[in-house]
1. Looking at region 171-190 only, could you name the residues that are part of a loop (DSSP other than H, G, I, E, B) and within 15 Å of residue 144 (Cβ to Cβ)?
2. I'm trying to understand the selection: among the residues of region 40-60, which are assigned to a loop (DSSP other than H, G, I, E, B) and buried (at least 20 other Cβ atoms within 10 Å of the Cβ)?
3. For residue 158, are the conditions met, namely being touching a residue at least 24 places away in the same chain (Cβ under 8 Å), in contact with a helix residue (DSSP H, G or I) (Cβ under 8 Å, 6 or more places away or on another chain) and surrounded by 13 or more Cβ atoms within 10 Å (Cβ to Cβ)?
4. For region 102-124: of the residues being out of contact with any helix residue (DSSP H, G or I) (no Cβ under 9 Å at 6 or more places or on another chain) and in contact (Cβ under 8 Å) with a residue 60 or more places away in the chain, which is surrounded by the fewest Cβ atoms within 10 Å (Cβ to Cβ)?
5. Could you look through region 153-170, keep only residues that are touching a strand residue (DSSP E or B) at 6+ places or on another chain (Cβ under 6 Å) and outside any loop (DSSP other than H, G, I, E, B), and pick out the one that is nearest to residue 190 (Cα to Cα)?
6. With the requirement that a residue be free of Cβ contacts under 8 Å to residues at least 40 places away in the same chain and within 18 Å of residue 98 (Cα to Cα), what does region 165-180 give you?
7. Taking only region 171-196 into account, find how many residues are in contact with a strand residue (DSSP E or B) (Cβ under 7 Å, 6 or more places away or on another chain) and surrounded by 15 or more Cβ atoms within 10 Å (Cβ to Cβ).
8. Of all strands (runs of 3 or more DSSP E) completely enclosed by region 80-132, which ones contain at least 2 residues that are over 18 Å from residue 33 (Cβ atoms) and in the same structural domain as residue 46 (by TED's automatic domain parsing)?
């Protein structure tokens, strides 16, 4: 699968006197909703990664852009201008499908203007994060999941939902590796007993 992902990317030479400064954010639903509510313009378009790689059948029409990036996407990439309600609906569809909300924050900007809903099978960035783990220099992750063992019934509902492979069932018991958690909150919405909460990292 990694070879299929990499075959869709082209290498580029970057001169040594030029550098790109930015950081990926992993966002929970609350953080993304806050960004959407503060936006002046919102656009919606297909996820280029899933459309190109075709590594899964998760929702396509969930790529969100805000303000100046939304204006540019509408003008040059065929994105659709949408209101807050439609953007929130797309966001919830992505979340229910187990997609991780990611955004890229460029240096000098106050907030991200592109919000992706990613899967580790199609997204090169998320795939790399799963392989190499959390690095504060590269990724901003403000939240982390906390497991309450006394409430967990080891049902395993959260296991397939975790893109970062932080959860697994071993000998009938849930094993949670917090070091692998990026705080996306996808596991939270699938827990039937309320054993998972998100807290500040």
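1. 177, 181, 182, 183, 184, 185, 186, 187
2. Residue satisfying the conditions is 47 alone.
3. yes
4. Applying the filter and picking the extreme gives 107.
5. 167
6. Matches in region 165-180: 165, 166, 167, 168, 176.
7. Qualifying residue count for the region: 12.
8. Values: elements: 80-82, 100-106, 114-118.
Passing ranges, in order: 80-82, 100-106.
The values are calculated or read from the model by the stated rules, or taken from the named source; none is laboratory data. Since this is a predicted model, take the numbers as computed values, not measurements. Note that we place each Cβ from the backbone using ideal geometry, even for glycine, and neighbour counts take in every protein chain shown.
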